[in-house]
Amino acid sequence: MSVANNQRILHHFLFGKDKEFDDIEIPHRPKTYFPHRTKTSLEYRFGNDSKLILKNIQIEIDLTIEFEGTIGVFEAKNGTPDSFSIYQVYHPFLYYHNIKQKPEMSRKVKEIICTYVVKNIEEEITKLRLWAYTFENPTDITSIKFIKSACYILKK
């Protein structure tokens, strides 16, 4: 994550360009929140059939970037994983969605984008692959919606 953040790849992927150095006053520039764990309670559905209530669970957020009402939450992996667990992006998504429901935040948070980042090295070439998702129904984990993807090649 630090390579992708330091090279401004995450900003480019989320916003189309690096907004950090635009002619924007410092308090209005994108804000980056580094990895952290937090405890929260979550309630959501699996389609129409099942409801899950989780009380005081610990979730991990690898990185968060916030800018002009867009919150980007990131889950990162090294190597090529065999599978992808949706809850790794959904729990942070729902955490921020619940914050958005508070009256003082409802107008500040416009969208939440979950990004899955995979770094791998193939034939001595480092590649960062990113996939962005959101959830059409914020309280249903099965409503995941693909937004976009990209591959960045890092040169030595």
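The values are calculated or read from the model by the stated rules, or taken from the named source; none is laboratory data. Model, not experiment: these values are computed from the prediction. Note that each Cβ is placed from the backbone with ideal geometry, even for glycine, and that neighbours are counted across all protein chains shown.
Observations on the structure shown:
Residues are listed down the side, and each one gets a yes or a no for (1) closer than 19 Å to THR70 by Cβ; (2) among the hydrophobic types (A, V, I, L, M, F, W, C):
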{"residue": "LYS102", "(1), (2)": "yes, no"}
{"residue": "LYS108", "(1), (2)": "yes, no"}
{"residue": "ILE121", "(1), (2)": "no, yes"}
{"residue": "ASP140", "(1), (2)": "no, no"}
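- Filter result (free of Cβ contacts under 8 Å to residues at least 60 places away in the same chain and in contact with a helix residue (DSSP H, G or I) (Cβ under 9 Å, 6 or more places away or on another chain)) within region 111-120: ILE112, CYS114, TYR116
- Residue ID - surrounded by the fewest Cβ atoms within 10 Å (Cβ to Cβ), chosen from residues in region 33-70 that are under 25 Å from LYS145 (Cβ atoms) and among the polar types (S, T, N, Q): ASN48
- Some residue of region 126-137 being farther than 14 Å from PHE13 by Cβ, buried (at least 20 other Cβ atoms within 10 Å of the Cβ) and within 16 Å of the chain's Cα centre (by Cα): yes
- Output for region 88-111, where each listed residue is loosely packed, with under 15 Cβ neighbours inside 10 Å and of a type outside the set (Asp, Glu): GLN101, LYS102, PRO103, MET105, SER106, ARG107, LYS108, LYS110
- Long-range neighbours under 8 Å by Cβ, at least six apart or interchain, first residue free of Cβ contacts under 8 Å to residues at least 40 places away in the same chain and farther than 21 Å from GLN101 by Cβ within region 28-43, second part of a strand (DSSP E or B) and among the aromatic types (Phe, Trp, Tyr): ARG29/PHE67; PRO30/PHE67
- Enumeration of residues in region 83-98 that are at pLDDT 90 or above and out of contact with any Asp or Glu (no Cβ under 7 Å at 6 or more places or on another chain): ILE86, TYR87, TYR90, HIS91, PRO92, PHE93, LEU94, TYR95, TYR96, HIS97, ASN98
- All positions within region 54-103 that are under 20 Å from LEU42 (Cα atoms) and assigned to a loop (DSSP other than H, G, I, E, B): ASP62, SER85, ILE86, GLN101, LYS102, PRO103
- Verdict on ILE147 being under 24 Å from LEU52 (Cβ atoms) and in contact (Cβ under 8 Å) with a residue 24 or more places away in the chain: no
- Residues of region 13-30 satisfying the condition of being within 22 Å of SER149 (Cα to Cα) and either of a type in the set (Val, Ile, Thr) or modelled with pLDDT under 85 (or both): PHE15, GLY16, LYS17, ASP18, LYS19, GLU20, PRO30
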